[in-house]
Amino acid sequence: MSGKKSFGGSKVSSRLISRRSLLAGSAGLTVAAAIGGGRWASAQENDSGQASAGTQTHEVQMVNKDREGRPMQFDPAYLKIAPGDSVKFVATDKGHNSEPILGMVPEGAEMWKGKINEEITLTFDVEGIYGYKCLPHFALGMVGIIQVGDSTENLDSAETAKLPGKAKPRMAELIAQVGGGATAPAD
Ligand SMILES: [Cu+2]
């Protein structure tokens, strides 16, 4: 099997062989180097192709008013990403931060705590639902959800987290957007 594969490969490089054998006497060694080089090149193409189609960095803006006119928001407040993707919290407006809501992150996930005005980039490897907040504007409804992958395993426990003031109805809106979760009809 592998012998036949090599023949296929050498067909392509046979032109290289003859050209090189004109230049250099040691044709055998040159051939091996040429084939090896070709394989490395194609392997590199595959690697870079996977990288560009794979992990992405998404942006969440921290704003005083979102695109729909809500005051003190993350935008987008609901974001679905693939495991291994990153999220950058952008300090578009001043006075905001990003940190998880206790009880609203998957088991085994790393926690984070952004400082006020701090732009942080986080990589999410553990699948599940991540509820997070801006600490100064938590009760004003400045909360968000990042869904990593398709797992909704911790959705039920996330739904039972106690949230202050406007965070509660806002989070309910976002939970309704979670893919794979039960979407409650609007009142
Ligand atoms: Cu805020």
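Bear in mind that the values in this text are calculations on the coordinates, not laboratory data. Every value quoted in this text rests on a predicted model; they were computed, and no experiment measured them. As a convention, Cβ positions derive from the backbone with ideal geometry for all residues, glycine included, and neighbour counts pool all protein chains shown.
Can you list residues from other chains, or at least 5 along the same chain, whose modelled amide H is less than 5 Å from the amide H of Y78?
HN-HN under 5 Å from Y78: I145.
With θ set to phi - 60°, apply the Karplus curve 6.51 cos²θ - 1.76 cosθ + 1.60 along the range 96-113 and write out the HN-Hα couplings as whole Hz, x wherever there is a Gly or Pro.
With coefficients 6.51, -1.76 and 1.60, one gets 10, 9, 9, 7, x, 8, 4, x, 10, 10, x, 4, x, 7, 6, 9, 8, 8 Hz.
Collect residues whose amide H, placed 1.01 Å from N in the peptide plane, falls under 5 Å from the amide H of V90; neighbours closer than 5 in sequence don't count.
Result for V90 returns V60, Q61, M62.
Give me, ordered by chain and number, the residues 5 or more places off G141 or on other chains with an amide H under 5 Å from its own placed amide H.
K166, A167
Within the range 67-187, what is the number of lysine pairs with alpha carbons under 24 Å apart, leaving out pairs fewer than eight places apart on the same chain?
For the range 67-187, qualifying lysine pairs total 26.
Classify the range 57-175 as rounded, prolate or oblate from the Cα gyration tensor: take a ≥ b ≥ c as the square roots of its eigenvalues, call it rounded if a/c is under 1.5, otherwise prolate when a/b beats b/c and oblate if not. Don't skip to the end; give the middle numbers.
Values: a/c = 1.63, a/b = 1.20, b/c = 1.36.
The shape class here is oblate.
Once phi is turned into θ = phi - 60°, what whole-Hz ³J(HN,Hα) does the Karplus curve with 6.51, -1.76 and 1.60 give for every residue of the range 137-145, x standing for Gly and Pro?
Ordered by residue, 3J(HN,Hα) equals 10, 4, 6, 8, x, 8, 9, x, 10 Hz.
Under a point-charge model restricted to the Cβ atoms of Lys and Arg (+1) and Asp and Glu (-1), what is the dipole moment magnitude of the range 57-175 relative to its Cα centre, in debye to the nearest 20?
Values: 13 positive and 18 negative charges, 140 e Å.
For the range 57-175, the charge dipole is close to 680 debye.
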